[in-house]
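Asks: To start, I am sharing the structure in question, which I have written as structure tokens.
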Amino acid sequence: MTAGEMDVAARHRLAKSEHFDVLIIGAGLSGIGGAFRLQQRCPRRTFAILEARDSIGGTWDLFRYPGVRSDSDMFTLGYAFRPWTGRKSIADGPSILQYVRETAREYGIDRRVRLNHRVVRASWSSERALWLVEAERGAGAERAHFTCEFLLMCSGYYSYAAGYTPDFPGIARFGGQVVHPQDWPDNIDYTNKRVLVIGSGSTAVTLVPELAKSAAHVTMLQRSPTYIVAWPDEDAIADALRRYLPAKTACTLTRWKNVLAGIYFYRLCKKRPERAKAMILDGVRAALGPHYDVSTHFMPRYNPWDQRLCLVPNGDLFTSIGHGATTVVTDAIETFIETGVKLRSGRELEADLIVTATGLNLQLMGGAEIDIDGQPISAGRALSYKGAMCSDVPNLAAVFGYTNASWTLKADLICSYVCRLLNYMERHGHRQCTPRNRDSSIELLPPVNFTSGYFQRAMDKLPKQGSRKPWRIYQNYILDIMTFRFSALDDGVLEFSGVGSAPGRPQTSRDGRPVEGATAP
Ligand SMILES: Cc1cc2nc3c(=O)[nH]c(=O)nc-3n(C[C@H](O)[C@H](O)[C@H](O)COP(=O)(O)OP(=O)(O)OC[C@H]3O[C@@H](n4cnc5c(N)ncnc54)[C@H](O)[C@@H]3O)c2cc1C
């Protein structure tokens with residue numbers, strides 16, 4: 001196709017496009033929360049939510065394995081604007097899904113969701129100060145086209161196509177069934193079966209005690225241990241507050257209690273890791289008794305919070321081990337065999353069903369291709385601005401929650417910040433806002449200081465964080481409140497401009513003067 005023909009095709013697509021001020025991508029916990037904030041704080045802005053799947057709910061709709069539940073408390077995982085009234089603080093997946101869907105219904109957000117719209121491409125036109133968004137409609141090749149001024153990516157952090165399964169040698173040889181928790185079949189029957197669960201992350205420790213209720217026996221096979229903490233699934237303080245206070249006040253107080261406790265414990269882990277380690281391991285020893293080999297199976301080689309901690313509600317995993325329904329084996333897989341797996345130690349584990357709880361495939365921007373004036377962006381080479389926007393990418397924010405606290409805390413700060421930004425731009429007549437790093441002394445650092453496999457596997461695809469603000473990513477809700485709610489929007493790094501200001505063209509500041517350091521064409 002010649003350049004002229006391409007231009008005609010682009011104009012044709014543009015003419016057919018439906019326009020919204022804002023497009024939210026994804027109707028999970030974050031997308032529904034983001035829509036609420038837009039309705040509340042930018043009531044004049046038009047918006048729609050494009051959702052790839054045929055239902056609302058994201059993670060909480062996709063994951064259907066037995067016992068699926070939150071691993072952080074619902075007072076912080078739930079929305080600040082709609083109190084979590086469920087009895088359990090560590091809640092089951094179906095209750096969370098119901099909560100997300102009820103929120104969407106209650107605030108009329110469900111009417112703004114376009115289901116079966118998978119965004120495959122978003123192209124920014126500096127000339128028009130617009131995103132041209134292309135979505136695949138349904139399973140076929142039918143395409144829908146949209147334009148918007150601002151893109152709010154709430155597409156989560158992993159690929160919905162498939163979970164991560166390592167290349168296990170000989171896997172095809174196994175005579176039983178192999179299942180990944182992300183793709184749990186409805187009709188699977190594990191009653192009286194020998195089940196082998198590979199992994200010891202939050203999915204594995206959720207699944208194991210649940211499967212053990214009806215399986216003949218469950219073995220949790222881990223290459224190396226994880227820190228596991230027993231936690232009550234009900235919050236006695238929250239219950240007491242609820243008895244005397246209105247639901248919203250009780251929920252807010254409980255949220256702050258949990259936020260502060262979480263920050264305190266995280267800091268303890270970072271400042272005095274030996275003490276934190278001793279506390280966690282003492283808890284495991286108390287649950288499993290003096291004869292259990294805690295150091296082999298529950299004492300990781302890393303410090304607490306170098307990887308995500310796993311919560312087990314009411315110590316259900318430990319109870320299941322205590323009853324003999326579950327065994328933990330710490331060893332590496334040499335190969336799958338017809339009857340199960342052979343381990344490096346030479347031991348063989350027999351199984352009828354093998355569950356590969358081996359993680360997710362990290363994916364940003366919902367897998368969509370993003371370009372700026374025809375130049376594809378490379379997220380791996382970009383700097384993250386406040387953990388919400390990307391250097392040199394105009395009018396786009398992406399929600400990425402905390403690694404050490406509930407996702408929704410940061411999602412809500414980012415969505416509220418986007419509203420603040422949109423209102424500011426409207427007041428000042430700006431059409432574009434683009435974070436630009438003009439400070440060569442900013443060091444590029446990994447986005448998270450986590451050693452978890454799924455981060456390590458995708459590190460080169462993630463935007464980096466910088467050594468100083470506003471390029472730092474804080475895993476701290478209180479610091480982020482200052483960053484998102486109270487810091488100046490026009491901070492000299494976020495560049496505001498009108499229509500037609502392509503990257504590389506002279507940029508203008510609020511008062512119309514060229515921005516220092518801006519390059520001429
Ligand atoms: C099993 C499990 C348990 C978890 N438990 C917790 C917990 O207890 N606490 C916690 O803080 N976090 C937890 N997390 C992390 C969890 O994903 C977040 O808490 C939260 O659900 C993320 O919400 P989200 O809306 O940002 O993303 P998601 O729930 O992933 O939703 C993203 C939505 O975007 C849609 N989408 C993606 N790409 C596109 C595209 N290209 N076009 C259109 N739509 C698209 C998806 O279909 C989906 O509906 C858990 C994750 C898993 C997998």
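The values are calculated or read from the model by the stated rules, or taken from the named source; none is laboratory data. The structure presented is a predicted model; accordingly, all values stated were derived computationally and were not measured. Glycine also receives a Cβ, built like all others from the backbone with ideal geometry; neighbour counts cover every protein chain displayed. What goes into the accessible areas is simple: the full protein's heavy atoms, side chains included, and nothing from ligands, DNA or RNA. Shrake-Rupley method; radii C 1.70, N 1.55, O 1.52, S 1.80 Å.
Asks: Kindly provide the set of residues from segment 470-488 that are farther than 17 Å from Thr408 by Cβ and among the basic types (Lys, Arg), ordered by number.
Replies: Residue satisfying the conditions is Arg472 alone.
Asks: Quick test of your reading of the structure: Arg275 fulfils all but one of (1) touching a residue at least 60 places away in the same chain (Cβ under 8 Å); (2) closer than 26 Å to Pro232 by Cβ. Name the failing condition by number.
Replies: That leaves (1) as the condition not met.
Asks: When residues of segment 267-311 are filtered for being aromatic (Phe, Trp, Tyr) and at pLDDT below 95, how many remain?
Replies: 2
Asks: To continue, here is another question. With respect to Thr403, determine if the residue is at pLDDT below 95 and either at negative phi or aromatic (Phe, Trp, Tyr) (or both).
Replies: So Thr403 fits the description; yes.
Asks: On to the next question. Determine, yes or no, whether Val178 is open to solvent by less than 20 Å² (accessible area, probe 1.4 Å), in a strand (DSSP E or B) and over 16 Å from Arg69 (Cα atoms).
Replies: Judged against the criteria, Val178 is not a match.
Asks: Still on this structure, please answer the following. Scanning segment 355-396 for residues that are farther than 19 Å from Leu444 by Cα and charged (D, E, K, R), which turns out most open to solvent (accessible area, probe 1.4 Å)?
Replies: That would be Glu369.
Asks: Taking interchain pairs and intrachain pairs at least six residues apart, which have beta carbon atoms under 7 angstrom, with the first residue in segment 351-372 and assigned to a loop (DSSP other than H, G, I, E, B) and the second open to solvent by 10 Å² or more (accessible area, probe 1.4 Å) and among the basic types (Lys, Arg)?
Replies: Taking only residues 6 or more apart or on different chains, the pairs are Ala351/Arg194; Asp352/Lys193; Asp352/Arg194; Leu364/Lys461; Ala368/Arg121.
Asks: Anything in segment 72-128 that is among the β-branched types (Val, Ile, Thr), within 9 Å of the ligand (Cβ to nearest atom) and under 17 Å from Ala35 (Cα atoms)? List them, or say none.
Replies: Across segment 72-128, the qualifying residue is only Val100.
Asks: Tell me yes or no: at least one residue of segment 321-333 is out of contact with any strand residue (DSSP E or B) (no Cβ under 7 Å at 6 or more places or on another chain), of a type outside the set (Phe, Trp, Tyr) and open to solvent by 50 Å² or more (accessible area, probe 1.4 Å).
Replies: Within segment 321-333 (the criterion being out of contact with any strand residue (DSSP E or B) (no Cβ under 7 Å at 6 or more places or on another chain), of a type outside the set (Phe, Trp, Tyr) and open to solvent by 50 Å² or more (accessible area, probe 1.4 Å)), the answer is yes, since at least one residue qualifies.
Asks: Given the conditions (1) part of a loop (DSSP other than H, G, I, E, B); (2) free of Cβ contacts under 8 Å to residues at least 40 places away in the same chain; (3) under 23 Å from Gly498 (Cα atoms), and given that Ser440 satisfies all but one, which numbered condition is not satisfied?
Replies: Answer for Ser440: the failing condition is (3).
Asks: Which ones in segment 22-61 are of a type in the set (A, V, I, L, M), assigned to a helix (DSSP H, G or I) and more than 8 Å from the ligand (Cβ to nearest atom)?
Replies: Ala35, Leu38
For every residue, the table says whether it meets (1) open to solvent by less than 10 Å² (accessible area, probe 1.4 Å); (2) within 30 Å of Ala172 (Cβ to Cβ); (3) in a helix (DSSP H, G or I).
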residue: Lys270; (1), (2), (3): no, no, yes
residue: Arg275; (1), (2), (3): no, no, yes
residue: His291; (1), (2), (3): no, no, no
residue: Val341; (1), (2), (3): yes, yes, no
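Asks: For residues in segment 400-437 being polar (S, T, N, Q) and in a helix (DSSP H, G or I), which is surrounded by the fewest Cβ atoms within 10 Å (Cβ to Cβ)?
Replies: The residue in question is Asn423.
Asks: Any idea how many residues of segment 465-491 are out of contact with any Gly (no Cβ under 8 Å at 6 or more places or on another chain), under 20 Å from Leu444 (Cβ atoms) and open to solvent by 30 Å² or more (accessible area, probe 1.4 Å)?
Replies: Number satisfying all stated conditions: 5.
Asks: Further question on the same structure: Considering only segment 146-195, state which residues are within 14 Å of the ligand (Cβ to nearest atom) and within 30 Å of Glu127 (Cβ to Cβ).
Replies: Within segment 146-195, Phe146, Cys148, Leu151, Leu152, Met153, Cys154, Ser155 meet the criteria.
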